[in-house]
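Note sheet for the following structure.
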There are 4 protein chains.
Amino acid sequence: MQRFALLGAGFIGAVHAENLAAHPDVDLVFVYDIDLTRAAALADRFGGKATTNPADVFDATAVDAVFIASSTDTHAEHLRAAADAGLAVVCEKPIAPTLHEAERVVEHVEASGVFAMVDFNRRFDRDHVELKRVVDAGGVGPVELVQMSSRGPTLPPVEYLRVSGGQLRDQTVHFFDLCRWITGEDPVTVSVTGSALVDPTIAEFGDVDTSVAVLRLPSGGIVQIDSVRRTGYGYDERIEVMGADGLIESRRQPAANVALYSNAGITTSPLHKGWFERVQPTYAAALSAFVDALAAGGPSPASLRDGLNAQAIAEAATASLASGKTERIAYEGSAAP
Amino acid sequence: MQRFALLGAGFIGAVHAENLAAHPDVDLVFVYDIDLTRAAALADRFGGKATTNPADVFDATAVDAVFIASSTDTHAEHLRAAADAGLAVVCEKPIAPTLHEAERVVEHVEASGVFAMVDFNRRFDRDHVELKRVVDAGGVGPVELVQMSSRGPTLPPVEYLRVSGGQLRDQTVHFFDLCRWITGEDPVTVSVTGSALVDPTIAEFGDVDTSVAVLRLPSGGIVQIDSVRRTGYGYDERIEVMGADGLIESRRQPAANVALYSNAGITTSPLHKGWFERVQPTYAAALSAFVDALAAGGPSPASLRDGLNAQAIAEAATASLASGKTERIAYEGSAAP
Amino acid sequence: MQRFALLGAGFIGAVHAENLAAHPDVDLVFVYDIDLTRAAALADRFGGKATTNPADVFDATAVDAVFIASSTDTHAEHLRAAADAGLAVVCEKPIAPTLHEAERVVEHVEASGVFAMVDFNRRFDRDHVELKRVVDAGGVGPVELVQMSSRGPTLPPVEYLRVSGGQLRDQTVHFFDLCRWITGEDPVTVSVTGSALVDPTIAEFGDVDTSVAVLRLPSGGIVQIDSVRRTGYGYDERIEVMGADGLIESRRQPAANVALYSNAGITTSPLHKGWFERVQPTYAAALSAFVDALAAGGPSPASLRDGLNAQAIAEAATASLASGKTERIAYEGSAAP
Amino acid sequence: MQRFALLGAGFIGAVHAENLAAHPDVDLVFVYDIDLTRAAALADRFGGKATTNPADVFDATAVDAVFIASSTDTHAEHLRAAADAGLAVVCEKPIAPTLHEAERVVEHVEASGVFAMVDFNRRFDRDHVELKRVVDAGGVGPVELVQMSSRGPTLPPVEYLRVSGGQLRDQTVHFFDLCRWITGEDPVTVSVTGSALVDPTIAEFGDVDTSVAVLRLPSGGIVQIDSVRRTGYGYDERIEVMGADGLIESRRQPAANVALYSNAGITTSPLHKGWFERVQPTYAAALSAFVDALAAGGPSPASLRDGLNAQAIAEAATASLASGKTERIAYEGSAAP
């Protein structure tokens, strides 16, 4: 049994708490939050002791691993604390608000030698995993063109967007990571075209809600990612990888499988209403991958370095959006994943 | 060049006239009809000489082949005349209104040795042909269950239905033929359940508009055919063949390939509005098959004997509908196709 | 909280135990089995006290409801005991091995007034529920033709089949129930054609592994159900309801949503490998429906009477398979669901 | 009847000849080519008089309209001649090899007042037409993101590519036109990322075989077009238009509609083997549109100005590929289509 402390008892903390409770090899021993009431609510439902005291959590005699699901500005501090305590750690993205700070944290954690993972949950999507398996097996030949769509159904609150770092850092970064994960390459340049079409307020703080990013891989392959904050037809996530010999697609996922035939057409079930319905199973899969890799002493399924490199792409993409130019991506000592 | 005479200048005659005119190896020399105006209208558009004189047509010095697309009650007479004149002949189904008469005609034509084909056009459907190719190649293993749907969008006029011989003889007979063609077996029994749901008038003359026929093959395989006169969603034709190793399906055919995504669902193009839109290409394909087989001296793509055997199944099916029992199918000297 | 006792700790008992443990309004207090080791294994994982003593279970001071998942021959006895103890009860099908015995049990339970449900789990399938919702809302108009496929991937062991009561009672009965549930009608006749194609041994005890049943509804509508014990392409379950105005389909369910494009075709994910992968979510949904209806004092989502009527259809279908005739279905005092 | 002269008797000339011959309101009176043998071969098959003399063709007493399907370098000259002779004219793209020359030609033809059309045949694709109808009717709301794929199955000969003007002018230009046609907007900027992945020789003359172009519309909407010279899975053409309220897709078009189910997956028919199989029906549709608009005195379905504007986008796109920057598109006096 691995003894886990969960940090953060908000919406996503609750998701992780449920998965931690259900995992046969996990013992949820602490639920930490700065708000004891929130921590207690989760602890009551899913087990563990509620605490507001970090010293409870970062204690290698009581805890084997911490799961950081607290607010973004606390990730770096908690990662350092876990490293110092010699605890394995899985952390929601981003590692830190700025790339520079993130780099410092990653160096610190790497130096400590603790086992660490960024919770890039989409790497654990059932269909994306199968797509990657086929690509890795040479099923489509050398990769030439990748297309990804990341489209949410509803605009998040403008107050959230204002502090989110922008669409590319907040939303697209998951797909920058998928780009590296699927192709095994670190893209060299990125060019972004974006607009604020849903809410003009967003443009006031330099952000966009609809964008297309185009990346070039060292092999010459091209990756295109569109990011949309609000569709009129549900949650739309989709990946296509075209190689020299064929194409594989992780398709749009309908919420059900019913078809109504009429003279007007054939209407099948809509896509999932929200992002959570689509990605929910990936959280448990990511947790299992972490638990298994930790137990096996294997490589991290998504290292902090992976998190850093995705963040580096997001930085260059954000710069391209501002400059209107193709930007070179500056990795800090990166090698391809 | 094969010199053709077309008999019958109605709706389906016009379809054949256009295909005869377009075929590079065919010379349409006569358009015969009892109504000279109708014959002339077609001849004007598609070539050939209009005539109301059978002697023009059944003349081996001027004509190589006749295409019988006249009214059902004239098929037998024209088939005999073609045989007597030594002309190749392709004939719309049925060979004759009664099975007994049809048998006499087939014997007569077979004795003459002329090349003959029943225009079972669905044998030439692009997708059905591919389905049969896979079945014949063993792609699904030994056939165990076949399902076919034959569903028209609108009820034909009741006056037509009254003289049609009934749904099983008029509509389902095409699929009784497909059953033999696909499986290579002569079904031994048939059991039919049917209702007049669209128009109660139909029940008055013992007919149905919605029916399910279940046939047993000598191998033990089962074939199920549903026939519907009126759907609320267009023309629906579909075949599934399940074997021991897999299943192949000639799918419902949408009229186009457009999809509209909304919160209510994903609406793709409807099925074809009418049967003709679906089967139109099969007529030209059937004609080509006839022309090629005639030129090559090969076997008929759909012999009169095939027509007779499909008719025998339709007779037993019609009897089953009346008796409420499983009926044995009586072929007259048949071997499997 | 409703206090449940689970009866039966085999494969399906374990499925129910997991769902009982996860349900927020359920307290699993006893796991009963004749084998204490099996009962204890489940109780260890999912809670409750293991017991081999029926007196523990049928005790209204400690238990509110019993879930009967024990072997088929014990259902009747446990149902009677629950009724006598005044406990709510949900029971796996069938109620009893023979229709006559089942009728006696249902009368007994009905007389007791306890809340009871047959676990016809397919009534709780996500897609079937949506199909029924549309049918009930008039979305396809009056029902004219229903088609259902029930096709398992692998032949169960012959020893199991020998005592199963035959394909129609064991497998198709779920779909006889769906037929009544979807249409709201009690079919009046049934005609079955079947073969033993997978294993000839099955024919020796009068059973089949591939069959087509055709039922006629009082409205004249026709229902066709094919049942297959072994496909070469995974688990295939599918329902189509054609009405006067359109058609609705609960489609074949692929296990994933990935597509590989090559010159040979477009290959999408296969169907589920087994029946359990397909129907797993229905068990939790059925349990929730039972819990909710019990709490609300509402009608049973699937009454014992429903179980009895489905069994009556299976009896007539089994008779038709033997007689080769269309058989009238004899309900014992039934009204449509 | 409109009297047509066809200029050019090569592969695409033969396609047009067949359509001209089949059109009920067209009289094909001349087939012109610099090679009399080629002209005569077409005239023999499809009617008209073969000629190598331009004076025969540009003669308003004998001809109403000319169809320019000759080599690209002759388009401008033939367009001017048609204008001078007062003949209606339909012309394959491009109008002239350089944008400057094309502008001069369009001014000349516009000054003459003759009815003229660029044969942008994809505007007449069955599914694209339906997509545009829905967009125009507001079916997806204001357009926010358009995605188009133009992917051919096999690399054209390098000798052809060397003189083709490059992928963006030769292949993508059709989709630059569709972009304007669908959105009713003239894009303001374009940014292109491209690679020579199929054959490195192509890079030697500055061309690419795989590229992604991103355009910005005046409304802020974004258009993304990928162009691929060689896939491993057939001809792939696809358009998606996402608006504020939904998304409409003109889908990849399979060559047939057959599905094979096995344990390995569900394999449906591949895409069309070549571009011609996919677009063949658009040529006849474009011709009909021209004939109808000419007869009605209506606006051109695709004016020379449309051709010019698509060419202007292709110029800017080609410049972007070379510069690595987003380029502003310079139209010469254009208004949106």
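For the peptide A:142-154, the mean number of other protein chain Cβ atoms found within 10 angstrom of a residue's Cβ is 3. Neighbours of C:Thr318 by Cβ distance under 12 Å: Lys/Arg scored +1, Asp/Glu scored -1, total -3. Take the Cα of A:Glu77, go 7 Å toward its beta carbon, and the backbone nitrogen atoms of the stretch A:1-20 under 15 Å from that spot belong to A:7-9. Taking 27 Å as the straight-line reach from the Cα of D:Lys273, the lysines in range (excluding those fewer than 8 positions away in the same chain) are A:Lys132, B:Lys132, D:Lys93, D:Lys132.
So in the protein assembly as shown, what percent of DSSP beta bridges are antiparallel if you round to the nearest 5?
Values: 156 of 264 bridges.
Percentage antiparallel, nearest 5: 60.
Quick check on the stretch C:279-337: take the gyration tensor over C-alpha atoms, sort the square-rooted eigenvalues as a ≥ b ≥ c, and tell me if it's rounded (a/c under 1.5), prolate or oblate. Oblate. Two numbers describe the Cα atoms of the stretch D:2-114: Rg and Dmax, which are 13.1, 39 Å. Under the shape rule built on the C-alpha gyration tensor, where the axes satisfy a ≥ b ≥ c, the stretch D:31-186 is prolate, since a/c reaches at least 1.5 and a/b is greater than b/c.
The Cα center of the stretch C:226-276 and the Cα center of the stretch A:162-211 differ in position by 37 Å.
Relative contact order of the stretch B:15-105, taken over Cα pairs closer than 8 Å and 6 or more residues apart, is 20 percent.
Please say if the stretch A:239-290 is rounded, prolate or oblate, where rounded means a/c under 1.5 for a ≥ b ≥ c the square roots of the C-alpha gyration tensor eigenvalues, and otherwise the choice is prolate for a/b larger than b/c and oblate otherwise?
Details: a/c = 3.73, a/b = 1.32, b/c = 2.82.
It is oblate, given that a/c is not under 1.5 and a/b is not larger than b/c.
When only C-alpha pairs under 8 Å and at least 6 residues apart count, what is the relative contact order of chain D, in percent? Taking the mean separation of contacting Cα pairs over the length of chain D, I get 18 percent. Relative to the dominant Cα principal axis of chain A, helix A:304-323 is inclined by about 40°.
A straight chain from C:Lys273 to C:Ala55 at 0.36 nm per residue would run longer than the Cα-Cα distance by 74.4 nm. In the calculated pair-distance distribution of chain C, the portion above 28 angstrom amounts to 44 percent of the Cα-Cα pairs.
Report the FRET efficiency, 1/(1 + (r/R0)^6), for B:Asp84 and D:Ser219, where r is their Cβ-Cβ distance and R0 is 56 Å, rounded to 0.05. Please report the intermediate quantities before stating the final value.
Working: r = 75 Å, r/R0 = 1.34.
Calculated value: 0.15.
With a cut-off of 13 Å between beta carbons, the residues surrounding C:Ala137 carry a summed charge of -1, where Lys and Arg count +1 and Asp and Glu -1.
Working from label points 7 Å from Cα in the Cα-to-Cβ sense, the A:Ala296 to B:Arg328 distance is 6.5 nm. When every Cα-Cα distance of the stretch C:119-191 is counted in 10 angstrom steps from zero, the calculated P(r) takes the values 15, 45, 28, 10, 1 percent.
Taking Cα atoms only, the orientation of helix A:11-22 departs from the longest principal axis of chain A by about 70 degrees.
Evaluating 6.51 cos²θ - 1.76 cosθ + 1.60 at θ = phi - 60° for every residue in the stretch B:113-130, the Karplus couplings come out as x, 6, 7, 9, 9, 8, 7, 6, 5, 5, 4, 10, 5, 3, 7, 5, 4, 5 Hz, glycine and proline recorded as x.
Excluding same-chain neighbours fewer than eight residues apart, the lysines reachable from B:Lys325 by a Cα-Cα span under 23 Å are C:Lys325.
Where does the protein assembly as shown land on the Kirkwood hydrodynamic radius, alpha-carbon pairs, in angstrom? Don't skip to the end; give the middle numbers.
Details: mean 1/r = 0.0284 Å⁻¹.
About 35.2 Å for the protein assembly as shown.
Only the Cβ atoms of Lys and Arg (+1) and of Asp and Glu (-1) were treated as charged; on that basis the dipole of chain B about its Cα centre amounts to roughly 700 debye. The alpha-carbon atoms of the stretch B:204-255 define a convex hull whose volume equals 97 cubic angstrom per residue. Charge tally around C:Val163: other residues with Cβ under 13 Å, Lys/Arg +1 each, Asp/Glu -1 each, net -2. Secondary-structure-derived ellipticity at 222 nm for chain C, considering helices only, amounts to -11500 deg cm²/dmol, per-run term -39500 (n - 2.57) for DSSP H runs with n ≥ 4. Applying 1/(1 + (r/R0)^6) with r as the Cβ-Cβ distance of B:Ile34 and D:Val129 and R0 = 56 angstrom yields a FRET efficiency of 0.85. If amide hydrogens are placed 1.01 Å from N in the peptide plane, which non-local residues have theirs closer than 5 Å to the one on B:Asp209? Excluding prolines and chain starts, which carry no amide H, the hits are B:Ser195, B:Ala196, B:Leu197, B:Val198.
When every Cα-Cα distance of the stretch C:179-231 is counted in 10 angstrom steps from zero, the calculated P(r) takes the values 25, 40, 25, 10 percent. Relative to the longest principal axis of the Cα atoms of chain D, the long axis of helix D:173-183 lies at roughly 80 degrees. An ellipsoid equivalent to the stretch C:213-337, defined through the eigenvalues of its Cα gyration tensor, has semi-axes of 32, 24, 15 Å when rounded to whole angstrom and sorted largest first.
Each reported figure results from applying straightforward, stated rules to the coordinates on display, with no laboratory input. Since this is a predicted model, take the numbers as computed values, not measurements. Virtual Cβ from ideal backbone geometry, glycine too; neighbours counted across all protein chains shown.
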